[in-house]
Amino acid sequence: MDELAEGALKGILRFLGLIIRALIWLTYEFLFEKLAWYIGWPICRLITFNSLPREGITESERASGTTQFMVSMTGLLSLVASGVLLAQLTGSTL
């Protein structure tokens, strides 16, 4: 009987692990690849005087890996910087 309960518990834990991995992947996919791209793209265009990235704002899949990374990191860093600035302006402590 103990082996049956142990097998059921392992099955439930495997399923929960799968759900958690899927949520982590979706979070990465949405936050880093999409949201950060859409925030970082206009910032990169502004900084480079409308020359880089050459891909349009909706063409992140066509960009090279380096371009995707740099634009997304720019967007992510600007999000973090905006959050820190907002926290400082409202008097919140970090």
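Tabulated results
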| read-out | value |
| --- | --- |
| Listed residue (GLY7, ILE19, ILE39) projecting farthest to the positive dipole end of the stretch 2-90, Cβ model | ILE39 |
| Ranking of VAL84, VAL71 by count of other Cβ atoms within 10 Å, fewest first | VAL84, VAL71 |
| Helix 36-47 vs. the chain, principal-axis angle (Cα, 0 to 90°, nearest 10) | 20 |
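FYI, it's all coordinate maths here, none of it is from the lab. Here the structure is a predicted model, which is why all the values come from computation and not from measurement. With ideal geometry, Cβ positions are generated from the backbone for all residues, glycine too; neighbour counts draw on all protein chains shown.
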